[in-house]
1. Please go through the stretch A:66-95 and pick out each residue that is out of contact with any Asp or Glu (no Cβ under 6 Å at 6 or more places or on another chain), closer than 24 Å to A:THR647 by Cα, of a type in the set (Gly, Ala, Ser) and in a loop (DSSP other than H, G, I, E, B).
2. List, please: which pairs have Cβ atoms under 6 Å, are six or more places apart or on different chains, and start with a residue in the stretch A:873-895 that is of a type in the set (Phe, Trp, Tyr) and end with one that is open to solvent by less than 30 Å² (accessible area, probe 1.4 Å) and in a helix (DSSP H, G or I)?
3. Which members of the stretch A:450-464 meet the condition of being surrounded by fewer than 17 Cβ atoms within 10 Å (Cβ to Cβ) and either in a loop (DSSP other than H, G, I, E, B) or of a type in the set (Ser, Thr, Tyr) (or both)?
4. Quick check on the stretch B:233-255: of everything there that is within 7 Å of another protein chain (Cβ to nearest Cβ) and charged (D, E, K, R), which residue is surrounded by the most Cβ atoms within 10 Å (Cβ to Cβ)?
5. Select, from A:PHE703, A:PHE714, A:PHE734, the only residue that is among the aromatic types (Phe, Trp, Tyr) and surrounded by fewer than 23 Cβ atoms within 10 Å (Cβ to Cβ).
6. List the number of the failed condition for A:ALA933; all other conditions in (1) closer than 28 Å to A:THR809 by Cβ; (2) crowded, with 22+ Cβ neighbours inside 10 Å; (3) touching a residue at least 40 places away in the same chain (Cβ under 8 Å); (4) not polar (S, T, N, Q) hold.
7. Could you tell me which residue of the stretch A:913-929 is farthest from the other protein chains (Cβ to nearest Cβ), considering only residues that are assigned to a loop (DSSP other than H, G, I, E, B) and surrounded by 10 or more Cβ atoms within 10 Å (Cβ to Cβ)?
8. Looking only at residues in the stretch B:149-175 that are modelled with pLDDT of 85 or more and aliphatic (A, V, I, L, M), which one is most open to solvent (accessible area, probe 1.4 Å)?
Amino acid sequence: MKQAFWLGLALTVLCGCPTEVTSQEEREAAAQATNAGQTEFFESRIRPLLVEHCITCHGSQKQQSGLRLDSRAGLLAGGDSGAVLDLAHPRASRLLTAVGYEDPDLQMPPAPAGKLPSAAIAAFSTWIEQGAFWPAGERPGKPAALASDKTHWAFEPVRPRPIPSVQDRAWPRSPVDYFVLSRLEGQGMTPAPDADRTALIRRVTFDLIGLPPSDAEVAAFVDDPRPDAYARLIDRLLDSPHYGERWGRYWLDVARYADTKGYVRLQEERRFYCAFTYRDYVIAAFNEDLPYDRFLVEQLAADQLPPGTDPRALAALGFLTLGRQFTGNKHDVIDDRIDVVTRGLLGLTVTCARCHDHKYDPIPTADYYSLYGVFASSEDVIFPTPLGKPTAGAAAKQYESDLAARQRELDDYEPKQYAALLNEFRSRVADYLIKAIAGREPPQQPLPKAAGEIRQIVVERWIEYLERTGPTHPVWGPWHAFAALQPEQFETAAGAIIAGWSTPGGERQAPRVHATVKSYFASDPPHSMADVARGYGELLAQVHQRWQTLLASTAAAGSGALGRLSDPDEEELRQVLYGDDSPVAVRPLEALAEYLYDAPINEEIVRRRNAIHQYLSHAAGGPPRAHTLIELPVPCEPRVFVRGNPTRPGRQVPRQFLKALSPGQRKPFAQGGGRLELARAITSRDNPLTARVAVNRVWEHHFGTGLVRSPSNFGLRGEAPTHPELLDYLAARFMEEGWSIKQLHRWILLSHTYQQGSGDDVLRSRDPENRLYGRMNRRRLDFEALRDALLATAGRLDRTLGGPSAELTVPGANRRTVYGLIDRQGLPGMLATFDFASPDAHSPQRYTTIVPQQALFLMNSPLMADLARAFAGRADLKSLPAGADRAAAMIRGAWGRPASEREIKLSLEYIAREPADAPADASLSGWEAFAQALLLANEFSYVD
Amino acid sequence: MSTNPKRNSDRTHREPPSVSRRELLRRSGMGLAALAMLPLLEGEAARAGTVADARRSHFPGKAKRIIHLFMNGGPSQVDTFDPKPLLEKYAGRELPTGNLQTERRTGAAFPSPFKFQKYGQSGIEVSELFPHVAESIDDIAVIRSMVADIPNHEPSLLLMNCGEARLPRPSMGSWLTYGLGSENQNLPGFVALCPGGLPIQGAQNWQSGFLPGIHQGTYIDTQHTQVEKLIEHIQSRLGSERQRRQLDLLAALNQDHLNRSQHDRDLEARIESFELAYRMQSEATEAFDVSREPQHVLDMYGPGTQARQILIARRLVERGVRFVQVWHGAQQPWDSHNDIQDHARLARECDQAIGALLKDLKQRGLLDETLVIWGGEFGRTPSVELPNPLIGQAKANGRDHNHYGFSMWLAGGGVKGGITHGATDEFGFRAVEKPVHVHDLHATILHLMGFDHERFTFPYAGRDFRLTDVHGQVVGELLA
């Protein structure tokens, strides 16, 4: 009885999912058909061991190292490191190595459980020797139930939605209102009363330009009798150049914008000194209402758009290039780019699939590496690309000659060193092949190298290259044949292989073997793989030598460029060293970043390059520049990295778009790396996500919450929209009418919904989170709006547009916050304290924390003292008599509304108790302290 | 320590609607008074409904707070807490087991120039570098089988601090303040002390990653001795009396606004934040002022910057700061590639103060609930680092990085004292007995603080993240 219970339990555990448990009868029937003794042995000895010691980590819940031990299929499939069973050589099974603790790197179960008792190890051994019997008819449970992605709302096409009917036909002012009101009415609720005009102009001004309205603007709007006064106000704000500064900054959160690369090693420049041209591009794009689809295409592939377009668009590529640089780890850089593109533009968390299929969304690992291939097919340019020509004039002349001088310094040196480096790699193939035989090594951070040292990166490239070739490759087929031999039988078996090449008639079936390779090994059969490596090395060194000699003589004779060697056999060998996919064809930038040069040479190249960087970063007279990228001559053919580990490349996948968003058969990308095709797929009208995600972000910034409250996750684990029809209505119309963000603003802002007041006790209790939008959300100013409003109120704001980034924390920093220098490695405390978006990765939305550190900054920082003084010292205020009039004017100046009598009374009482004279020390006068209190008030920091 | 600060009810009296108060409690998972130290989350996470759950430990933790003494650069195990006499036998010769691959090339066996001796009841051997620490050896659990992944500073620092070697992830201190809040609303919950600048990887070592920014460590440059220079914006410009009057005016104006604004909970919390900030000024100033310590305590910790910052650490945990990380210095002071004798100087700088800290905490009854962690991001090779003229190293008397096996120790906070755990091979190169990976250490630390590391998660970018990612096992033998 006890045994039966235990077995049932074991099965439940093994299968994970109770509905899939094979019934006891079925299992027993199956067992009867097999060897009853084996079943008995398995159930009494082996299964208990598996259940107790193995399947917690290798079962339905977890699959450590990709291994499952809860079914025979799993057992036979093995894990990431290959097979665990070797039924031909049972003793060599990795499973036995592991449980026997024979290899210090492979010990199972691991600490703290520790080694199994020897009886248990013996049981495993017996079981495997007898063929690893497993009762028939058992299926493993699924890892996690995949919710149906076929019916997930966000993957459904965007459909134009009919406008719903409502009872209160007088209330709606725009289509948006019908969607909102019909839901409110459905709940028996009514919208909040309208905001008054003073509140409304403050709200919409902060919303669109991120600044408070001036007293005059408030008065003009409040007194404007025209019926379209509000629409005119919106037009004025949308036409303001400050609009792009506000909305561009929202986009910079999406784009994880920063002016620095994050942590960098050794001598690398830590700043992106031209990052600001991307920021200015974004601001201009919003100001000019660049259609959103075009905006995205430019950010993904401006370099591949037809020439003749505005060269400023190249700056758009900063969207990809300005992420953290991860000390040069390209896999992480690409991961960051996949993340910013998929979460930022599609609301999909694709990077979850870097190591395994996405657990919730229909994103297989293969899709991740399809995108990986797209981004791995481009390379960031070394020197930021000029956006247009230098202007005319003396400064431009000077610029051109200064730059040319520095460029010459570099050109006189680097190409020579680069040629010498490639020459070294081409001459020393044997050394590299011998290292390649030893296999991959764990990735290391690049460090300076001594002359003659083997470059592991190049070894890895040889390993990849050899894997690409395979046994049928004419040149490398013999390599693979020899490599498959056991060392003990190498000589005899190698002889047989060589003999096989000259078997009469054998060539008809067998793949062609390169003639020179064939004759080389036939005349001097190898005794080991090292001999094979030396043989290839010798042949390739010869062809390299011949080609170099030929090049030199051609150059001496002054004849044209050489294309190839005339002997096709020789040319085939030459391609190994000179072809586009040659393992030694490292690019100059790669050579530098990976320290492939000898240390002193590396240093010298960097010195000469940095001279150019430093000149460009502050040269007057030159054109603006941008951090762009270019396509590589040979696109990356991506392979899935097993468990995300680049040293374990698995099967090859095409570069193509995500399966979940591709109706019908997918076509692999064919134009270069496929970035432009990716951009077109993202901005396709058929893509169900792009427009929805964009519309939702705009809605969120107007209301404080999105219709979908997980703005960068529209997947199965994201939140469903509160108003799906409204979202679709807006998304469909957005695409229909040309992807105009400014039009989208108008649809939302002209709605009655947006113009509601924020105060309504009844609605607050019925819908505390305001999911039905039966009122306006009261919102705190974000850091940019707070700082800009403080500067504006103090009369200190510098409204200059665009240009290089400026430090925000130095005294007298008066530019708008969007122009502040963002150092992702050392974000100023002020920004972190006020919930600025982390520039480390794409930021879906800001946190809103309320903490005393914010209060301390506002109370005690030098900046605030300075602004309080400036505000109190504003000519228009200081000229008023020091009494009720001045207090009232200051309250209006800070909060944008008339002061109440009680407020004036409180203020005057306060002033009366303050010292009459301005203090001599760094402190504030009474009026200045009063000014500060007004800036600290909730009414300053919140918008109704 | 004020775990229950007085509300200034006379000045800012109000009666918020009960719905709002419940909402606050739900969101913070703590008392209302503690609220302002905790952010009001408006983000993805709050809506996923897990924040409130995470805001409580899963079970009562034995440790309430942590002091992490970070010997950045990587202290050598065979010169400190892991004696390997067999190295003498092979001195100057190749190790029979061969050298493991580390960052740079190393050569022959290099015995420790420092003498070891047994200490305490437990008789655990400690080298002459740490005689003061050794006096408390019976309160210490030495882990001699630590393992990390890569022999480079940058990834190993991030692994030790954030559980992930490359990608931006929250640090352990951020996780813990996120999970537990601070016991003292008038001080930041997570403080990173480092004199003279930042360690390698800078502020990423105490980053909050995807957690709200307020949970990142507050960096304090302990090179400064004046309190006003230590903490930003802590000093009132107006002086206490005038500032109080100014804040009273502010409170009155805010109260009117609140009354017109349906007692909005955010507005209330912001009003309270000014009162907390006001109290913080005096409390934080006091906490960082070591000159208030009696002379015998100052003498016990000894002279110098290390002594001062370690004493500050004690004053902070005494006041309820959750996580204090004490870095030895800017860059990577313990990185003795060229000359292991540097270790003697470094140990002299901190040994007395660390010894004093352990005794001091014990005398005050704080050691039981304060976890003290000592260690670097990895250890060093038992083989000598070969001279490398490329980077100006000529002495051939130092050791390279070693992530295959190294020593750390824990004391207090529910840790079993007077034990060693695990072992490296006979030369001290690789952990061979009961290896403890950094993820296991994290799992154990979270356990001591009352968290099941597998359930302590935060939803981000479509997935529930953990400090230990998909790894880590609690090392039960370290628990008292």
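1. A:GLY78, A:SER81, A:ALA83
2. As it stands, the answer is A:TRP895/A:GLU939, since those pairs meet every condition given.
3. Result: A:ALA450, A:ALA451, A:GLY452, A:GLU453, A:ILE454.
4. B:ARG237
5. Details: A:PHE714 fails: surrounded by fewer than 23 Cβ atoms within 10 Å (Cβ to Cβ); A:PHE734 fails: surrounded by fewer than 23 Cβ atoms within 10 Å (Cβ to Cβ).
Testing whether each residue is among the aromatic types (Phe, Trp, Tyr) and surrounded by fewer than 23 Cβ atoms within 10 Å (Cβ to Cβ) leaves just A:PHE703.
6. (3)
7. Quick first cut of the stretch A:913-929, residues assigned to a loop (DSSP other than H, G, I, E, B) only: A:914-925.
Then keep just the ones that are surrounded by 10 or more Cβ atoms within 10 Å (Cβ to Cβ); that gives A:914-915, A:918-919, A:923-925.
Details: A:GLU914: 7, A:PRO915: 8, A:ALA918: 13, A:PRO919: 9, A:SER923: 5, A:LEU924: 6, A:SER925: 10 Å.
Per the criteria, the residue is A:ALA918.
8. Out of the qualifying residues, it is B:ILE150.
The values are calculated or read from the model by the stated rules, or taken from the named source; none is laboratory data. Keep in mind it's a predicted model, so treat the numbers as computed, not measured. Virtual Cβ from ideal backbone geometry, glycine too; neighbours counted across all protein chains shown. Please note that ligands, DNA and RNA were not included when accessible areas were found on the heavy atoms of the full protein model with its side chains. Shrake-Rupley method; radii C 1.70, N 1.55, O 1.52, S 1.80 Å.
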